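Here's the structure, in structure tokens; my notes come after.
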Amino acid sequence: MPSVDFKAPARLLRRTPDLSLLLGAGLVSMTGDWLLGTGLAYAVYALTGSTLASAAALLSAFVPQVVLGSVAGVFVDRWDRKRTMVATNVLLALGLLPLLLVSGAGQIWVVYVVLAVQSCIEVFFAPAEQAFLPRVVADEDLVVANGLNGQARNLARLVGSALGGVLAAAGGVRAIAVADAITFALAALLVVRIATPGRAVTDGPEEGPEQLVQGRVATLVEQWRDGFRTTAANRVVRTLVIMLLITSTGEGIMGTLFAPYVRHVLHGSGEVYGVISGVQAIGGLVGGVMVATMADRWSPVTMVWLGSILFGLVDLAIFLYPLVWVNPWPAAAGMILVGLPGAVVVAGTMTLFQRNTTDEHRGRVFSLISLAQAVSVVVGSILAGFLGGPSGIIAILALQGAGYVVAGLLALSLLGARDASLDLSPTRS
């Protein structure tokens, strides 16, 4: 029976103030992301009535990640990660300003452009943040830290989704844009206060001025290839990337079809959509507490495979029950329940990635992970856009739940039930 230490998260936050600042910055920033994303997803579909238009919005956010994803990590490993996070937050805030021009369906193209620009900037922020966290805490505290990070993400989803609905009703896209810009500015201020150095630790000698000038392109290309080699050579990382290819395809389907699912299948309003989208965070918060307080007895491998299977089974129940009973509130209850294994999967996955990469390569590996996710989301979104008409919404959405079950079984088969989180050899097969 796993021991429960409810004070472990509070102790970790007290003795590592930089973790508190990093989590606080993520909480504020992600609240703005959910505020913007929830409102825009429903607004685009409500204005156009087209799943292809919904897919276009999602593609606008993810196609740039496919183009830039694998390259961004090379720069993240060369740049100061703390400064990278500050700069990207400032640029993300400024990038929202064109949304102030949106006053109706005629300016919907502005939404697509803004989402694309934001995505180009975010490909540098995400790997910098994920690569920076293991420098802020000790290795033995990674599971607790990732559990707390998951709680911050879920709290952001809960608050941001609710605020998105309120601001959309009160001031429309313009009010949402202003609020989101404020969150990015606050996040930048919090990151500035972090004392932990942001530059990556490398095994080789420091580059001199001549080396920085000469062969820059060749060096970048070699580092890019090295990131691929590092990712492919490690059995744990390789398995997790394959899992993410499967589950992220489902997330692309979910992102495109969930608003039509609520609107056409459950006959829910925009407010109902906001509630159902946000309440998964309630279960996620509980799941984060479970992870953080039982960290000393959790196996990250078990967290990944078991959490994925449970997540998929609950999702299948959410998408299939309307075949016998059309009512939106069981979906809300299911979304709360699915948040529990969802938090466990995220914490386990991040811990395995962090423990199976070195600080020198971590930015590149996380960028390749983001690239794999982005490619899969694009594939899932295109699939949903063309096949997810009103009569096919349930069938296509069911693929998302089935994908998580398959991914969990794959992890169990390739990694087993043991804890592989300390497999740090990049050449182990």
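One table, with the values for the structure above:
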| item | result |
| --- | --- |
| Total formal charge among the other residues, if their Cβ is under 13 angstrom from that of residue 96, Lys/Arg +1 and Asp/Glu -1 | -2 |
| Proximal charge balance of residue 86 [Cβ under 15 Å; K/R count +1, D/E count -1] | +1 |
| Cα gyration tensor, segment 257-329 - rounded (a/c under 1.5), prolate or oblate | prolate |
| Residues whose placed amide H lies under 5 Å from that of residue 137, excluding near-sequence neighbours | none |
| Cβ-based net charge around residue 284, under 10 Å, with every Lys or Arg adding one and every Asp or Glu removing one | +2 |
| Mean-position separation - Cα centroids, segment 107-143 and segment 346-362, in angstrom | 15 |
| Stokes-Einstein D (µm²/s) once Rh is taken as the Kirkwood radius of segment 308-414 over alpha-carbon pairs, at 20 °C in 1.002 mPa s | 137 |
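Every read-out reported here was derived from the displayed coordinates using simple, explicitly stated rules and does not represent laboratory data. Worth saying up front: this structure is predicted, and the values here are computed from it rather than measured. Using ideal geometry, Cβ is built from the backbone for each residue, glycine included, and neighbour counts are taken over all protein chains shown.
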